[in-house]
Amino acid sequence: MMRLDKFFSEQKILSRKEVADKIKKGCITVNGIVAKKADVKIDENKDVITLDDKVVQYKKYVYLLLNKPQGYVSSTDDPRDKTVLDLLPPELRKFDLFPCGRLDKDTVGLVILTNDGVSAHNNLSPKRHVKKKYFFTTADEYTNEDIEAIQAGITLADGWTTKPCEIERVDGKNGYITLVEGKYHEIKRLFGARGNKIVFLQRVSFSSIVLGDLPEGQYRHLTPQEENVFVSNK
Ligand code: URA
């Protein structure tokens, strides 16, 4: 249950003042009856609310999938660099969205943006082992010994031993790597530990949510099925 004005203001549809104006003009209905007061309590999940004769579905959280281009940082504000939020239109920036996990500035691909802090936290928790898959290109050809060593886990310079992962070779310098954790520069450091270098990195999936053919710099809302995957990775 919530107040009618909160129903609109929380979803960034109308400010509280605008709700009052709309009520005065008789433009809002609750279950077919013209609303008279902004502080009336409604059941956001059951009651049918209309604004200007259109039904307004209640949606608390926003979930977006962005194809991050190079040169953008995965944070909400930065003194020097453009952030992933700069790629969104003003009406979506109102929602206090943040990226669920970080890609390096020069890494491209799938980033989920949301204002659902609990689900973001759950998806990032090291305990959940959510799979993240990347396409990579190395500077030099990598060997089958490199694959075996990286897949088994490598102790990096800071003493952290990486969790087992999976590599699928595409050809000499290209492949896919699937991680269940996300340590700082993990993929670059894994190949660095083998004397190689990552020259291109693109995240292609997060859990069962895939980037697909969304153009770089573009975003879309998660589908209801994808939203379900995201919120139930607990
Ligand atoms: N590993 C990296 O090295 N960089 C990323 O952006 C993601 C994983």
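The values are calculated or read from the model by the stated rules, or taken from the named source; none is laboratory data. Since the model is a prediction, treat every value here as computed from it, not as a measurement. Neighbour counts are summed over all protein chains in view; Cβ atoms, including those assigned to glycine, are modelled from backbone coordinates with ideal geometry.
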Filter pass, Asp146 being more than 16 Å from Val199 (Cβ to Cβ) and touching a helix residue (DSSP H, G or I) at 6+ places or on another chain (Cβ under 9 Å): no
Residue check, Gly182 under 30 Å from Asn228 (Cβ atoms) and of a type in the set (Gly, Ala, Ser): yes
Pick from region 211-232, criterion among the hydroxyl-bearing types (Ser, Thr, Tyr) and not in a helix (DSSP H, G or I), ranking: farthest from Val108 (Cα to Cα): Thr223
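With at pLDDT below 95 and assigned by TED's automatic domain parsing to the domain that holds Thr107 as the only criterion, which of Glu181, Glu186 stands out?
Details: Glu186 fails: at pLDDT below 95.
Exactly one of Glu181, Glu186 is at pLDDT below 95 and assigned by TED's automatic domain parsing to the domain that holds Thr107, namely Glu181.
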Residue within region 94-115 that is within 28 Å of Asn228 (Cα to Cα), in contact with a Phe, Trp or Tyr (Cβ under 6 Å, 6 or more places away or on another chain), buried (at least 18 other Cβ atoms within 10 Å of the Cβ) and not aliphatic (A, V, I, L, M) present: yes
Region 177-210: number of residues that are touching a residue at least 60 places away in the same chain (Cβ under 8 Å), in a strand (DSSP E or B), surrounded by fewer than 19 Cβ atoms within 10 Å (Cβ to Cβ) and more than 13 Å from the chain's Cα centre (by Cα): 2
Pick from region 154-176, criterion among the polar types (S, T, N, Q) and surrounded by 12 or more Cβ atoms within 10 Å (Cβ to Cβ), ranking: farthest from the ligand (Cβ to nearest atom): Asn174
